[in-house]
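K.L.:
Sending over a structure as C-alpha cells; questions will come in a sec.
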Amino acid sequence: MEDKQNTSVKNASEEAFDVTGFFLECISYWKWFVASVVVLAVAVMFYCFRQTPVYEVTSAVYIQDNKGDNSNILLESLGLSSYKKNIDNEIEVLRSKNQITDVVEALNLYTSYSWNSFLRNVPLYEETPIEAVLDSIDVRSLKASLNIRIKPQNGVFHLEAKTRNVRGDEVEICNTTVETFPYSIPFHKGFIRLRYTGDTIPTVDKTLNISLSNPRSVSKSIAGNLTVAFASKDATILKVVYRTPVIKAGEDFIKTLVDFYNIDAAKQKNQGTEKTQQFIDARLDSISKDLSVVEARVEEYRRHNNLIDISSEAKLYLEQTGFTDEKLAELELQKSLVDYVEKFLSIPQNEYMPIPALGIDDKDLAKLIGEYNKSLQQRERLLHSSSESNPVIVELTRDIQTQRSLVLKGVESIRKGVEIKKRDLSRQDKIIEDKIKNVPQYERELSDIMRQQRIKDNLYVFLLEKREENALAKSMTVPVARIIDDPDSTGEPVSPKKILLLCAAVLLGVLLPAFVIYLRMLLFPVLKDKKMLERLTSIPVLAEISKKPGNKFFVVEK
C-alpha cells in the first residue's frame, strides 16, 4: 500500500506542470509580454543608432604561381624535392602586420577624424575641415594615443588635447581657445600643427575629434578586420575582404596593400641582382685600371723600340695564338667566377644571401645557383610573417643547406676541369711558340704584352655586357600580384545587423516574461481548481466550498 502511494505521489509530481494552465496564465499577463517586447525593441534600435555602420569592401587579387616551372628539373633529378611557391604562405605575407603598417603610414591611417554627432561619432576620410600635420614626431615611438577635440563656441574654437602616461592616467596636453588656424600643439619632442584643408576655409559647425595613434597598434586593429582567402580551391586568386566604416578608405587600403606587396616581392627578388651589380662594378673598376696600364706598356714599347708595323711572322703568330688566347681568357674568367662563388659562400655573413649569377658556362651549376637563390628569397619573405621555428621554414632551411653543399661540389668540379683545360692549352701554346723562334725578340715581347691587353679587353667587354643584362633583368621585374576585381562594396552595412538584433529582441521579449511566470508558478504555486489539487496530491477530494466574492451574500446568483 505504501509503495502504491509513493508511486502515485511520484507520478503526481512528474505531471505537476500543466502546459495548458501555463499558457492560460501567460495570456492573462499579455501586457507584460507587450511591454517586454517594446522595451527590448526600443533598446536594440537605440543600440543600432549609436553604433557606427561597418561595410565590407571586397576585391579579387591574382597571385602568380610557379607551377609548371621547369627550372627545378635538376634538383628533382638529384632526388631532391623542389620547393615551389606556397600560396598559403603568400596569404600570410599579404596580411602580415609589417605590410599593413607600411600601408597605414602611406595613407596616414594612424590619424583618424570624426564628427561628434548626436549619440555617436561619424568617421571622416579625406573630408575633414581641419587636418593634423606631424612636425619632428616619430609616430612609431608613441606609447599612447593622443585625442584632440575641437569645439566651435561663439565664433572661436575650444581646443582640448589629452593622452595617457605610462601608468594609464589621463594627461591633459592642451586646453585653450583658438580664434583661427593654423595652431601648433607641442607633443612628444615635436609639434602637431592643426590647419585648414584646401584653399578656402571650411565650415566647422560641429565638434571635431582627431585621434593620433601608433601605426603598429592601428595595424593590429586593421588585421582583425582583414580577411584573405582562396576564391576557389584550385585557383591562385585570392578574395580580399576588409571591414571599415568608410568605403573609400577600404578601397584605398586594399589597392595600397597590393602595391606594397609587389614592392616587397620585387625587393626580395632583386637582392641577387644587387649583389651581382656590386661585383660587376668592382671588377670593371679593377680591370679598367689594369687595361690602362697594359695599353700604356704597349704604347711605350712601340715608341721605345720604333715598332710601327708587325712583321708577317708576328702576324702569323698572332693568328695562331688568337684562338688559344681567347680560350685561355674564357677559362681564366670561369675560374675567377667560381673562385668568387666559393669565396662568397665561405663568408659567414653571406650564409643566407643570394649568390650573384655572373654567367657561369656550366648549365648545371647555373641552375643550382638559381634554385639556391629562389629558396633564399622564399625563406626571407616567409620570415616577414613567421619565425625560424616554423616547420615550413625549418624544412626550407634544410633544403638550402643541401643546395649549398651541391653548389660547393659543383664549384670544385668546375675548377678542376678548368685547370686541366688550361694545362692543355698552355701545352699547345708552347708548341706554337717553338715554331716561331725566329720571330724577332721585339715582336715576341710585343705580342706577349698585346696578349695581356686582349685578355683584359675581352674580360672588360664581357663584364660590360653582363652589367647591361643585369640592369635589364632588374628593370623587367613583373609584379607578383595584380588586382583583377577592383575593390568595391555593396553599400549595405554588415554591422550592426539590425534585422537579426530586432528578431532577437522580440524573441527575448517573449521568453523573459514567460520565464518569470514559470518561476512564479514553480516557487509560489496557487490552487485554483479541483483538478490542480488532484494533480499535486493522491488524497481524494470530498467536496468544494465556494468563496463569496466581495460583500455579496449569495455565492451563486444565477
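The values are calculated or read from the model by the stated rules, or taken from the named source; none is laboratory data. For clarity, every value in this text was computed on a predicted model and none was experimentally measured. Positions of Cβ are generated from backbone atoms using ideal geometry, with glycine treated the same way; all protein chains shown enter the neighbour counts.
K.L.:
Given the conditions (1) assigned to a helix (DSSP H, G or I); (2) loosely packed, with under 15 Cβ neighbours inside 10 Å, report the number of the one that residue 388 does not fulfil.
P.N.:
Evaluating residue 388 over (1) assigned to a helix (DSSP H, G or I); (2) loosely packed, with under 15 Cβ neighbours inside 10 Å leaves (1) as the failure.
K.L.:
All but one of (1) at pLDDT 90 or above; (2) at positive phi hold for residue 220; state the number of the condition that does not hold.
P.N.:
With respect to (1) at pLDDT 90 or above; (2) at positive phi, residue 220 is out only on (2).
K.L.:
Given the options 479, 525, 487, name the one that is surrounded by 14 or more Cβ atoms within 10 Å (Cβ to Cβ), modelled with pLDDT under 85 and not in a helix (DSSP H, G or I).
P.N.:
Only one candidate passes the filter, namely 479.
K.L.:
Then there's this: Tally time: how many residues in the range 116-171 are assigned to a strand (DSSP E or B) and of a type in the set (Lys, Arg)?
P.N.:
4
K.L.:
Is there a residue being crowded, with 16+ Cβ neighbours inside 10 Å, assigned by TED's automatic domain parsing to the domain that holds residue 257 and of a type in the set (A, V, I, L, M, F, W, C) anywhere in the range 162-170?
P.N.:
no
K.L.:
Of all residues in the range 141-181 being under 33 Å from the mean Cα position of the chain (by Cα) and either modelled with pLDDT under 85 or of a type in the set (S, T, N, Q) (or both), which is farthest from residue 215 (Cα to Cα)?
P.N.:
The extreme case among them is 167.
K.L.:
Restricting attention to the range 256-266, does a residue exist that is in contact (Cβ under 8 Å) with a residue 24 or more places away in the chain, among the polar types (S, T, N, Q) and in contact with a strand residue (DSSP E or B) (Cβ under 9 Å, 6 or more places away or on another chain)?
P.N.:
Looking for residues that are in contact (Cβ under 8 Å) with a residue 24 or more places away in the chain, among the polar types (S, T, N, Q) and in contact with a strand residue (DSSP E or B) (Cβ under 9 Å, 6 or more places away or on another chain), one finds at least one in the range 256-266, hence yes.
K.L.:
Mind checking which residues of the range 296-314 are in a helix (DSSP H, G or I), modelled with pLDDT under 65 and over 19 Å from residue 428 (Cβ atoms)?
P.N.:
Scanning the range 296-314 gives 305, 312.
K.L.:
Can you name the number of the only condition in (1) over 22 Å from residue 244 (Cβ atoms); (2) at pLDDT 85 or above that residue 85 fails?
P.N.:
(2)
K.L.:
Restricting to the range 336-370, what's the tally of residues that are closer than 12 Å to residue 404 by Cα and β-branched (Val, Ile, Thr)?
P.N.:
Number of matching residues: 3.
K.L.:
Please work out if residue 156 is on the phi < 0 side of the Ramachandran plot, hydrophobic (A, V, I, L, M, F, W, C), surrounded by fewer than 18 Cβ atoms within 10 Å (Cβ to Cβ) and assigned by TED's automatic domain parsing to the domain that holds residue 243.
P.N.:
Yes, satisfied.
K.L.:
Within the range 327-372, work out how many residues are of a type in the set (Phe, Trp, Tyr) and either in contact with a Leu (Cβ under 7 Å, 6 or more places away or on another chain) or outside any helix (DSSP H, G or I) (or both).
P.N.:
1
K.L.:
Is it the case that some residue within the range 101-111 is at pLDDT below 80, within 30 Å of residue 501 (Cβ to Cβ) and in the same structural domain as residue 242 (by TED's automatic domain parsing)?
P.N.:
Looking for residues that are at pLDDT below 80, within 30 Å of residue 501 (Cβ to Cβ) and in the same structural domain as residue 242 (by TED's automatic domain parsing), one finds none in the range 101-111, hence no.
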